[in-house]
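Engineer: The structure that follows is given in the form of structure tokens.
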Amino acid sequence: MDEEYLEAVLDLVDQVPPGRVMTYGTIADVVGAGLGRGGPRQVGHV
């Protein structure tokens, strides 16, 4: 896994407010829209 993808996932997760949730699939969709790669399994790996 490359550092750019890892940082993008962690940055997005940091934006999720306390008490709220975001699925691996949604995170993968948002990050994937910007970077053009990745999926829910990669998000889970992060």
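The values are calculated or read from the model by the stated rules, or taken from the named source; none is laboratory data. Computed from a predicted structure; not experimentally measured. Positions of Cβ are generated from backbone atoms using ideal geometry, with glycine treated the same way; all protein chains shown enter the neighbour counts. Accessible surface areas use protein heavy atoms only, side chains included; no ligands, DNA or RNA. Shrake-Rupley method; radii C 1.70, N 1.55, O 1.52, S 1.80 Å.
Engineer: Hey, can you tell me all the residues within segment 10-35 that are of a type in the set (A, V, I, L, M, F, W, C) and part of a helix (DSSP H, G or I)?
Structural biologist: Of everything in segment 10-35, those that are of a type in the set (A, V, I, L, M, F, W, C) and part of a helix (DSSP H, G or I) turn out to be 10, 12, 13, 27, 28, 30, 31, 33, 35.
Engineer: Right, another one. If I go through the chain residue by residue, how many of them are open to solvent by 70 Å² or more (accessible area, probe 1.4 Å) and touching a Pro at 6+ places or on another chain (Cβ under 8 Å)?
Structural biologist: Of the residues in the chain, 2 are open to solvent by 70 Å² or more (accessible area, probe 1.4 Å) and touching a Pro at 6+ places or on another chain (Cβ under 8 Å).
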